[in-house]
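Enquirer: Sending over a structure as structure tokens; questions will come in a sec.
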Amino acid sequence: ENKIAVNGIKINYVKTGSGPKSILWSIWSDFKPQVEGLDKSKFTVIAWDPPGYGNSRPPTRNFSQDFFHQDADWAVKLMQALSIGKFSMLGWSDGGITAMIAAAKYPEHIDKLVVWGANAYIIDEEAKIYEGFILSKIANITSICDMQMNLTTW
């Protein structure tokens with residue numbers, strides 16, 4: 001694992017393989033076995049932990065309403081810092097949302113996109129479900145920051 005400063009934030013990442021196709025995959029700490037199992041002769045894989053996740057802590061994350069956009073910016077800037085101009089993105093859940101935003105904002109950098117378990121948008125009914133779920137789990141929330149992020153986001 002390595003760390004590189006992007007906009008003054010140290011981002012944790014792993015680079016594996018030497019293939020001609022580059023892939024950015026989040027989140028390293030969730031997908032370590034899968035990343036390690038890829039054919040290293042076909043792909044160069046960068047698996048990262050966005051700021052506030054996994055081994056990219058500190059900093060404690062400020063989850064403002066545009067945090068997915070911030071993650072998309074950090075993702076592209078991470079790859080630029082690693083001298084990788086064009087790449088594909090794989091994203092699960094929040095990483096999928098980040099990948100879709102990155103592809104929309106930076107189409108010149110994104111070759112292919114694979115996302116799963118990600119919301120492109122939510123409807124009012126889903127917002128109410130999320131709100132009910134969050135309110136039912138408040139007892140399990142360990143910090144005011146997490147609670148505020150969840151209530152604001154969902």
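Enquirer: When the residues of segment 88-109 are filtered to those that are buried (at least 20 other Cβ atoms within 10 Å of the Cβ) and not aliphatic (A, V, I, L, M), which remaining residue is farthest from ILE122 (Cα to Cα)?
Expert: Looking at the filtered set, the residue picked out is GLY91.
Enquirer: Something else: Only one of ILE27, ILE84 is at pLDDT 90 or above and touching a strand residue (DSSP E or B) at 6+ places or on another chain (Cβ under 6 Å). Can you tell me which? Working first, answer last.
Expert: On the way: ILE27 fails: at pLDDT 90 or above.
That would be ILE84, the only listed residue that is at pLDDT 90 or above and touching a strand residue (DSSP E or B) at 6+ places or on another chain (Cβ under 6 Å).
Enquirer: What helices (runs of 4 or more DSSP H) lie completely within segment 17-111 and have 3 or more residues being on the phi > 0 side of the Ramachandran plot and outside the structural domain of ASN7 (by TED's automatic domain parsing)?
Expert: Answer list for segment 17-111: none.
Enquirer: If the Cβ limit is 7 Å and pairs must be 6+ apart or interchain, which residue in segment 106-121 that is farther than 16 Å from ILE84 by Cβ pairs with which residue that is among the aliphatic types (A, V, I, L, M) and not in a loop (DSSP other than H, G, I, E, B)?
Expert: What qualifies is VAL114/LEU90; VAL115/ALA99; VAL115/MET100; ALA118/ILE97; ALA118/MET100; ASN119/ILE97; ALA120/MET100.
Enquirer: Among (1) surrounded by 13 or more Cβ atoms within 10 Å (Cβ to Cβ); (2) over 17 Å from ASN12 (Cα atoms); (3) of a type in the set (Lys, Arg), there is one condition LYS77 misses while meeting the rest; what is its number?
Expert: Unmet for LYS77, out of (1) surrounded by 13 or more Cβ atoms within 10 Å (Cβ to Cβ); (2) over 17 Å from ASN12 (Cα atoms); (3) of a type in the set (Lys, Arg): (2).
The values are calculated or read from the model by the stated rules, or taken from the named source; none is laboratory data. Since the structure is predicted, the reported quantities are computational estimates derived from the model, not experimental observations. So basically every Cβ, Gly included, is an ideal-geometry build from the backbone, and we count neighbours across all protein chains shown.
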